[in-house]
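The values are calculated or read from the model by the stated rules, or taken from the named source; none is laboratory data. Predicted model only: the values in this text are computed from it and were never measured. Please note: Cβ atoms are built from the backbone with ideal geometry, for glycine as well, and neighbour counts cover all protein chains shown. Side chains included, ligands, DNA and RNA excluded: accessible areas come from the protein's heavy atoms. Shrake-Rupley method; radii C 1.70, N 1.55, O 1.52, S 1.80 Å.
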Amino acid sequence: MAPNDSTSYLDYNATTPVLPEAAQAVAASLSLFGNPSSVHAAGRRARAAVEEAREAVAAAMNAAAQHVVFTGSGTEANALALRGLAAANRCTAALSAGIEHPSVLAHVADEHIPVDAHGVIDLAALERALGSRAAPVLVTLMLANNETGVLQPVAQAVELARKYGALIHIDAVQALGKVPVDFRALGADSMSFSAHKIGGLKGVGALVLRPGVEIAADIPGGGQERRRRAGTEHVSGIAAFGAAARGVPTLLSAAPRITALRDELEMQIQSGVPQARIFGAAVARLGNTACIALPGVSSETQVMRLDLAGVAVSAGSACSSGKIAPSPVLLAMGVGESTAKTAIRVSLGWDTTAADVDRFLKVWLPLAANAAA
Ligand code: PLP
């Protein structure tokens, strides 16, 4: 159940409820009205809140606090990485997988490396692309896919990047709090995060940089964030991000319970609806995510019928017309357009209960049975 209403909220990959600790941090921060760049006591109090949060965020992904740059979203963290790394290092090209988030794909014009039918990047194709271009190339790869939950072989991609003198950015927005993330051990050049995926506020993100990596500011101006991202800091949002980041070990300890609920949901679907397809089920993926196609019933119909029954899930990507377009992620995996148009994403989280899963199944299974009749 989502807090404060009776909805069965199964859309955690879109955003999460604000954690009580994050809400408390916001409340406490509202009296810290000083500008964190001011030298007087009010400014220093706001600065202290920002720096405490930076320590907490850094600890959540095993990075050093001074290499955490707060941004206005995960989208902005990706933009800062991709534009900033390319500009500062004179990258010759940018490569990504075709399944990346739109906030990454918008910056990658050069080449989309194919993925297999499970949605995993083709490392041999990445190596060929790296070998055919002059260094330094910029590679960008997500840790976990937002629609299917499929995990990418980021450690091997980092190794390949090193072999070919490339830079590599990892979009870890969906991974934090769901699987362990160790920035130092991975050795990527940068990694992006978003507060609202772990119980913080919307409109706050972070880019973490490897020590010594050069990056050009995407938003120049007042010199905040060590000249990497200008603009007076969003003290409340950052304080909430810090509080949510302190909760990451608790989120990780909830993961097995959430995975068991997701597995039960998928098991009921597989046994009751043989024509349904579950994407990414044969490979490593986030334990909270189920991406399901129900041939014959459009994504829109499924989402609306579930919504009317108080169950919140999402479909592919909503385009500006308000219509739901087939998911580019599924298309990149070779799923046909007609099947992709029947896919929904169910994503569970820390407040999800067995009753929420039952409620989903009570609406969705009859929908499937009607379609099959
Ligand atoms: N990257 C991935 C994989 C995402 O799932 C999202 C958001 O859904 C983003 C980036 C963008 O984050 P934000 O919503 O903070 O802009």
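Here Ala240 passes the criteria (1) outside any loop (DSSP other than H, G, I, E, B); (2) crowded, with 21+ Cβ neighbours inside 10 Å; (3) more than 16 Å from the ligand (Cβ to nearest atom) except the one numbered (3).
Take the residues in the range 255-275 that are open to solvent by less than 20 Å² (accessible area, probe 1.4 Å) and under 23 Å from the mean Cα position of the chain (by Cα); name whichever of them is nearest to Pro20 (Cα to Cα). If you could, list the steps in order and put the result at the bottom.
First, the residues of the range 255-275 that are open to solvent by less than 20 Å² (accessible area, probe 1.4 Å): 258, 262, 265-266, 269, 273.
From the residues that got through so far, the ones that are under 23 Å from the mean Cα position of the chain (by Cα) too are 258, 262, 265-266.
Numbers: Ile258: 19, Arg262: 24, Leu265: 28, Glu266: 30 Å.
So the residue we want is Ile258.
Evaluate the following for Gly200: is it away from the ligand (no atom under 16 Å from the Cβ) and of a type outside the set (D, E, K, R)? No.
Looking for whichever is modelled with pLDDT of 95 or more, open to solvent by 20 Å² or more (accessible area, probe 1.4 Å), more than 28 Å from Ala282 (Cβ to Cβ) and away from the ligand (no atom under 11 Å from the Cβ) here; the options are Gly84, Gly165. Which one fits? Outline the logic, then answer.
Values: Gly84 fails: open to solvent by 20 Å² or more (accessible area, probe 1.4 Å).
Sole residue among the options that is modelled with pLDDT of 95 or more, open to solvent by 20 Å² or more (accessible area, probe 1.4 Å), more than 28 Å from Ala282 (Cβ to Cβ) and away from the ligand (no atom under 11 Å from the Cβ): Gly165.
When we screen Glu51, Glu21, Glu76, Glu55 for residues that are acidic (Asp, Glu), under 28 Å from Ala312 (Cβ atoms), away from the ligand (no atom under 16 Å from the Cβ) and modelled with pLDDT of 95 or more, the only hit is Glu21.
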